[in-house]
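Please read the structure below before turning to the comments.
The values are calculated or read from the model by the stated rules, or taken from the named source; none is laboratory data. Values in this document were obtained by computation on a predicted structure and should not be read as measured data. All Cβ positions, glycine included, derive from the backbone under ideal geometry; neighbour counts span all protein chains shown.
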Amino acid sequence: MQIEETKHGAVTVLRPRGIIGADEAPVLRERATETFRKTLGRFVIDASDIPFVDSIGLETLVEVANELAASGLALKLCGETETLREILDLTDHAKAFEHFEEVGVAVRSFL
(Lines give C-alpha, C1' and ligand atoms only; values in the text may rest on other atoms or scores of the structure.)
Protein backbone atom coordinates (compact mmCIF):
# COMPACT_ATOMS: atom_id res chain seq x y z
CA MET A 1 0.00 0.00 0.00
CA GLN A 2 1.20 3.47 -0.86
CA ILE A 3 0.17 6.55 1.08
CA GLU A 4 0.30 9.78 -0.87
CA GLU A 5 0.63 12.94 1.22
CA THR A 6 -0.33 16.41 0.02
CA LYS A 7 -0.59 19.76 1.76
CA HIS A 8 -3.57 22.07 1.38
CA GLY A 9 -2.46 25.12 3.31
CA ALA A 10 -2.16 24.04 6.95
CA VAL A 11 -4.06 20.79 6.36
CA THR A 12 -2.39 17.51 5.34
CA VAL A 13 -4.26 14.98 3.21
CA LEU A 14 -3.27 11.32 3.40
CA ARG A 15 -4.43 9.20 0.48
CA PRO A 16 -3.85 5.48 1.02
CA ARG A 17 -4.01 3.41 -2.17
CA GLY A 18 -5.18 -0.18 -1.95
CA ILE A 19 -6.81 -2.62 0.40
CA ILE A 20 -6.18 -2.07 4.10
CA GLY A 21 -5.69 -5.44 5.69
CA ALA A 22 -3.52 -6.97 8.39
CA ASP A 23 -0.27 -6.19 6.53
CA GLU A 24 -1.17 -2.61 5.61
CA ALA A 25 -2.93 -1.52 8.81
CA PRO A 26 0.22 -0.95 10.92
CA VAL A 27 1.69 1.23 8.16
CA LEU A 28 -1.46 3.36 8.00
CA ARG A 29 -1.66 3.58 11.79
CA GLU A 30 1.95 4.74 12.09
CA ARG A 31 1.57 7.30 9.30
CA ALA A 32 -1.71 8.66 10.67
CA THR A 33 -0.31 8.93 14.19
CA GLU A 34 2.80 10.69 12.91
CA THR A 35 0.67 13.08 10.84
CA PHE A 36 -1.63 13.74 13.81
CA ARG A 37 1.36 14.77 15.91
CA LYS A 38 2.93 16.90 13.16
CA THR A 39 -0.28 18.73 12.25
CA LEU A 40 -2.02 18.84 15.64
CA GLY A 41 -4.89 16.89 14.10
CA ARG A 42 -5.30 19.03 10.99
CA PHE A 43 -5.40 16.16 8.54
CA VAL A 44 -7.86 14.32 6.34
CA ILE A 45 -7.84 10.77 5.04
CA ASP A 46 -8.88 10.65 1.40
CA ALA A 47 -10.42 7.19 1.15
CA SER A 48 -11.22 7.31 -2.56
CA ASP A 49 -8.57 4.69 -3.39
CA ILE A 50 -9.39 2.27 -0.56
CA PRO A 51 -11.53 -0.42 -2.21
CA PHE A 52 -11.86 -2.55 0.92
CA VAL A 53 -10.85 -2.80 4.57
CA ASP A 54 -10.83 -6.02 6.54
CA SER A 55 -11.50 -6.18 10.29
CA ILE A 56 -7.91 -5.20 11.12
CA GLY A 57 -8.05 -2.24 8.75
CA LEU A 58 -11.37 -1.14 10.20
CA GLU A 59 -10.01 -1.45 13.72
CA THR A 60 -7.05 0.72 12.73
CA LEU A 61 -9.26 3.48 11.33
CA VAL A 62 -11.40 3.41 14.49
CA GLU A 63 -8.29 3.53 16.72
CA VAL A 64 -7.01 6.60 14.87
CA ALA A 65 -10.46 8.21 15.17
CA ASN A 66 -10.51 7.44 18.91
CA GLU A 67 -7.04 8.93 19.34
CA LEU A 68 -8.21 12.17 17.75
CA ALA A 69 -11.48 12.10 19.73
CA ALA A 70 -9.48 11.90 22.96
CA SER A 71 -8.00 15.27 21.94
CA GLY A 72 -11.41 16.72 21.12
CA LEU A 73 -10.99 16.27 17.37
CA ALA A 74 -12.61 14.10 14.72
CA LEU A 75 -11.01 12.01 11.99
CA LYS A 76 -12.24 13.38 8.69
CA LEU A 77 -12.76 10.90 5.86
CA CYS A 78 -13.57 11.93 2.34
CA GLY A 79 -14.29 10.20 -0.93
CA GLU A 80 -15.25 6.91 0.69
CA THR A 81 -16.07 4.15 -1.75
CA GLU A 82 -19.52 2.61 -1.51
CA THR A 83 -17.99 -0.56 -0.07
CA LEU A 84 -16.09 1.27 2.65
CA ARG A 85 -19.12 3.36 3.60
CA GLU A 86 -21.25 0.21 3.78
CA ILE A 87 -18.68 -1.47 6.05
CA LEU A 88 -18.68 1.55 8.36
CA ASP A 89 -22.48 1.65 8.43
CA LEU A 90 -22.96 -2.09 8.98
CA THR A 91 -20.46 -2.17 11.84
CA ASP A 92 -21.95 0.98 13.38
CA HIS A 93 -18.58 2.77 13.19
CA ALA A 94 -19.62 5.50 10.74
CA LYS A 95 -20.41 7.85 13.62
CA ALA A 96 -16.75 7.78 14.72
CA PHE A 97 -15.80 9.90 11.69
CA GLU A 98 -16.74 13.12 9.95
CA HIS A 99 -17.63 12.31 6.33
CA PHE A 100 -17.12 14.51 3.28
CA GLU A 101 -17.71 13.90 -0.41
CA GLU A 102 -14.49 15.50 -1.59
CA VAL A 103 -11.09 16.64 -0.35
CA GLY A 104 -11.70 20.36 -0.79
CA VAL A 105 -14.79 20.33 1.40
CA ALA A 106 -13.01 18.31 4.10
CA VAL A 107 -10.06 20.70 4.07
CA ARG A 108 -12.34 23.75 4.30
CA SER A 109 -14.08 22.23 7.32
CA PHE A 110 -11.03 23.27 9.37
CA LEU A 111 -11.74 26.96 8.76
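What about LYS7, is it in a strand (DSSP E or B), over 14 Å from the mean Cα position of the chain (by Cα) and farther than 20 Å from GLU86 by Cα? Walk me through how you get there before you give the answer.
Details: in a strand (DSSP E or B): yes; over 14 Å from the mean Cα position of the chain (by Cα): yes; farther than 20 Å from GLU86 by Cα: yes.
Spelling it out, LYS7 is indeed in a strand (DSSP E or B), over 14 Å from the mean Cα position of the chain (by Cα) and farther than 20 Å from GLU86 by Cα.
Residues being within 12 Å of the chain's Cα centre (by Cα) and either in a helix (DSSP H, G or I) or farther than 18 Å from LEU28 by Cα (or both): count how many of those fall in the stretch 68-84.
Restricting attention to the stretch 68-84, the residues satisfying the condition of being within 12 Å of the chain's Cα centre (by Cα) are 68, 74-80, 84.
Next cut, either in a helix (DSSP H, G or I) or farther than 18 Å from LEU28 by Cα (or both) only: 68, 84.
Selection size over the stretch 68-84: 2.
Return yes or no: is LEU75 of a type in the set (A, V, I, L, M), in contact with a strand residue (DSSP E or B) (Cβ under 7 Å, 6 or more places away or on another chain) and surrounded by 14 or more Cβ atoms within 10 Å (Cβ to Cβ)?
On the way: of a type in the set (A, V, I, L, M): yes; in contact with a strand residue (DSSP E or B) (Cβ under 7 Å, 6 or more places away or on another chain): yes; surrounded by 14 or more Cβ atoms within 10 Å (Cβ to Cβ): yes.
Against the criterion (of a type in the set (A, V, I, L, M), in contact with a strand residue (DSSP E or B) (Cβ under 7 Å, 6 or more places away or on another chain) and surrounded by 14 or more Cβ atoms within 10 Å (Cβ to Cβ)), LEU75 qualifies.
Checking the condition of a type outside the set (S, T, N, Q), surrounded by 18 or more Cβ atoms within 10 Å (Cβ to Cβ) and either at pLDDT 95 or above or not in a strand (DSSP E or B) (or both), which residue from VAL44, VAL62 passes?
On the way: VAL62 fails: surrounded by 18 or more Cβ atoms within 10 Å (Cβ to Cβ).
Going through VAL44, VAL62 in turn, the sole match is VAL44.
Being touching a strand residue (DSSP E or B) at 6+ places or on another chain (Cβ under 9 Å) and among the small types (Gly, Ala, Ser) is the filter here; which residues of the stretch 20-40 pass it?
Within the stretch 20-40, GLY21, ALA25, ALA32 meet the criteria.
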